[in-house]
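The values are calculated or read from the model by the stated rules, or taken from the named source; none is laboratory data. These numbers were taken from a predicted model, which means no experiment stands behind them. We place every Cβ from the backbone using ideal geometry, glycine too, and count neighbours over all the protein chains shown.
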Amino acid sequence: MRPWTWLAAAALLPGAGGPPLQQKANPPPPSDAAFHVTFEGAAAGEYTAAQAKADFGAAFSEFRPGWGPPGREVVVVSGAEAYKGGKSLRVRTLAGVDSVQAHFIDLYCNRIPPAEEYWWDFMIKFGEGFDFAVGGKIMNFGGGKQYAGAKPAGDGWSCYWLFDVNGAVNLYTYHMDQERPWGDNGYPARKARLLVPGQWSHLMGHVKLNTGDNRDGIYEFFFNGKPVFQKRDIRFRSGTQAPADQFDVTAFYGGQGDMFKAKRDGYIYYDNFRCGRTRPPP
Ligand SMILES: [Ca+2]
């Protein structure tokens, strides 16, 4: 199995913000989309499970402002903090906790319509002075059984998006041909996908599952509109098992252990969650 390959990155430095998006209160998604969530129609302040259910509709399964020590909060903010001056989701992160001590948001959409192909994208910003520590998680897109520390048997796969020590987006993927119990990492070309504290970035993924047991699954990742990763020989699953059905926003540091803990509290902002079966307009 060839190692993960990344596209040439020298010209792909991140820009400030992504493509322009209109500020509307959750515009009706196209007929092939699972959801399009802008937070423009949400009340400022605490983000609630009822609001999440209203926003993500039939795809929604569960929302919690994470778990762990007090101080966690998930709120809707507006003004200069928010994307293009509208409203955005703000997640508070805590110092001194690893992945087994705290999650800062758990927003599960495990009921997106099962399908062989999906595109998903959103805007993300880390607050000024954010401590990336040695890395953490942003979200997961997947299907079927979720594996952790074991090689998938064909009944589940996951495309995790993480940030690393430098604030680069790391693609961490569970699939049938991974070479170790833990998922495959994509490490090279970090400059192509750096999350800069204080700046909005646009992240977009595309998965087309393999046919039968063939190594022909497609996984693409785009950073601020530019393709920085593409692989077309993945066996995500076996046969017709595990269609894509999960879009989960979870945030935490680590890993387990003191080395994964941040030194200060911080904020992660999210906006314009979209998920659909065709490539979304810029
Ligand atoms: Ca918004």
Worksheet item: Within the stretch 124-146, can one find any residue that is of a type in the set (Asp, Glu), touching a Pro at 6+ places or on another chain (Cβ under 7 Å) and within 24 Å of ARG264 (Cβ to Cβ)?
Response: yes
| said: Please verify whether PHE104 is within 16 Å of the ligand (Cβ to nearest atom), aromatic (Phe, Trp, Tyr), out of contact with any helix residue (DSSP H, G or I) (no Cβ under 6 Å at 6 or more places or on another chain) and touching a residue at least 24 places away in the same chain (Cβ under 8 Å), treating the condition exactly as stated. | reply: no
Only one of (1) modelled with pLDDT under 95; (2) crowded, with 20+ Cβ neighbours inside 10 Å; (3) within 16 Å of the ligand (Cβ to nearest atom) does not apply to GLY85, and that is (2)
Residues of the stretch 229-282 being farther than 28 Å from GLU116 by Cβ and of a type in the set (Val, Ile, Thr), in sequence order, are ILE268
The lone condition ASN210 fails out of (1) under 30 Å from ARG72 (Cβ atoms); (2) without any contact (Cβ under 8 Å) to a residue 40 or more places away in the chain; (3) not aliphatic (A, V, I, L, M) is (1)
